[in-house]
1. Filter the stretch 214-229 for residues that are open to solvent by less than 40 Å² (accessible area, probe 1.4 Å) and not in a strand (DSSP E or B); which is farthest from Gln130 (Cα to Cα)?
2. Specify which of the listed residues (Glu96, Glu76) is in contact with a Phe, Trp or Tyr (Cβ under 9 Å, 6 or more places away or on another chain) and of a type outside the set (A, V, I, L, M).
3. Can you tell me which condition Val162 does not meet? The list is (1) in a helix (DSSP H, G or I); (2) of a type in the set (Val, Ile, Thr); (3) open to solvent by 50 Å² or more (accessible area, probe 1.4 Å), and all the others hold.
4. Find the residue count for the stretch 39-78, including only residues that are out of contact with any helix residue (DSSP H, G or I) (no Cβ under 7 Å at 6 or more places or on another chain) and aliphatic (A, V, I, L, M).
5. Which is within 30 Å of Arg105 (Cα to Cα), open to solvent by less than 20 Å² (accessible area, probe 1.4 Å), out of contact with any His (no Cβ under 7 Å at 6 or more places or on another chain) and in contact (Cβ under 8 Å) with a residue 24 or more places away in the chain, of Val31, Val37?
6. Which condition from (1) loosely packed, with under 15 Cβ neighbours inside 10 Å; (2) without any contact (Cβ under 8 Å) to a residue 40 or more places away in the chain; (3) among the acidic types (Asp, Glu); (4) not in a helix (DSSP H, G or I) is the one that Glu359 breaks?
7. Kindly provide the set of residues from the stretch 188-213 that are modelled with pLDDT under 80 and loosely packed, with under 13 Cβ neighbours inside 10 Å, ordered by number.
8. Residues that are in contact with a strand residue (DSSP E or B) (Cβ under 8 Å, 6 or more places away or on another chain): find the helices (runs of 4 or more DSSP H) completely inside the stretch 245-332 holding 2 or more of those.
Amino acid sequence: MSVLSPYRVLDLTTERGLICGQMLADMGADVIKVEPVGGSSARGIGPFYQDAPHPDRSLYWWAYNRNKRAITLDLERDAGRDLLVRLVERADFLIESHNPGYMSRHHLGFADLSKINPALIYVSITPFGQDGPKASYADSDLIIMAASGPLILAGDADRAPVRLSIPQAYLHASADAAVAALAAHHERVRSALGQHIDVAAVQSVAMATQSNILAAALGSVEPRRMSGGVKMGPIDLPLVWPASDGYIAMTFLFGSALGVFTARLMHYLCEQGFCDEATRDKDWIAYGEQLFSGAEPLAEFDRVKQVVRKFTRSHTKAELLTLAVERGFLITPVATVEEVVESPQFASRDYFQSVAHPELGESFRYPGPFAKFTATPIEYRRRPPTVGEHNSEIYRDELGLSERDVAELTRAGIL
């Protein structure tokens, strides 16, 4: 028995919300992916297995749809909507990511479906939310990242901001939606009633600005972008440093919490001949205040950073990690994707799971469970579904349609 095995989820999301349903499916829910006839637009997103574009070979689709069943259904037509309503009658959750107003115009909004199933938890994932002056704005990952704050910190100081290479906005929103759905379910246990959950991606992403969104409201120094770090006023603070074979992330900062680690590092650099004793013995606790006040010239801080870079460049990532563990430095390698796949840490936790694709005659390594449950572990019960794979299973075996009904609806383009 898995955490959510008694519950059913209708997943009507586009690429905006796929991972929300997958998280619920991983926890054991029966997630039925409801796609347009011909398949979701997400199936057209590459790369593709063996570079052969095909709706059942999209690695993007594979990444976010394991453990789901899939049906096709045309919600633009009355017969299609009627079938969805029948599915809603026995569903516990519905997740959708259409533009605000779309579901209501088709009589499939929360107000409509909660009359049919008062216990239904209805989750909407949109760019800007269901209301407000931007509710109908066009969106993309770039637009959301720009509107919510984090984009201003991405890129080099001497040019325009750059977008993250991997879309992030809807991953934030979808994970928030999954958590919110479970919180609403907890409340439903008490009240026996569902509710509408309105998740705006721009608000989810705004949470990812860390303390900066609070600092701005308090009138503190506004952070500026700097490749591999952050810029506070005139001060460049690197967070990524070069190694001989790549990069490391290193906290070389000051103050009562972090200055002690910087002092420890500088003592080691002095031992190894990278700096003199005067550099070693700077007040690393108060050093940030000295830079802001001008007591320590920025040119001197630039010299110190060059000393540190010379040290990091003289070691491999593995050597620097060993030093960090042995000496208590705040250093970790910046891993390549290949290094993540081959990571002994991930291997020791059985993170990567082999999932069979019988239709391709192969098995593939999938990234593993997002959490480890001791009593009800996450299992990969199903590979991502092919287009309309479970039409007969659900429409015929569960809704009671005849083979003839299913065939006629298919010919009519409703399934």
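1. Gly228
2. Of the residues listed, the single one that is in contact with a Phe, Trp or Tyr (Cβ under 9 Å, 6 or more places away or on another chain) and of a type outside the set (A, V, I, L, M) is Glu96.
3. Result: Val162 passes all but (1).
4. Selection size over the stretch 39-78: 3.
5. Exactly one residue qualifies, and that residue is Val31.
6. Evaluating Glu359 over (1) loosely packed, with under 15 Cβ neighbours inside 10 Å; (2) without any contact (Cβ under 8 Å) to a residue 40 or more places away in the chain; (3) among the acidic types (Asp, Glu); (4) not in a helix (DSSP H, G or I) leaves (2) as the failure.
7. Gln210, Ser211
8. Helices (runs of 4 or more DSSP H) meeting the threshold: 287-293, 298-313, 317-327.
The values are calculated or read from the model by the stated rules, or taken from the named source; none is laboratory data. The structure displayed is predicted, hence computed values, not measured ones. Note that we place each Cβ from the backbone using ideal geometry, even for glycine, and neighbour counts take in every protein chain shown. The accessibility values were calculated without ligands, DNA or RNA, using every heavy atom of the protein model including side chains. Shrake-Rupley method; radii C 1.70, N 1.55, O 1.52, S 1.80 Å.
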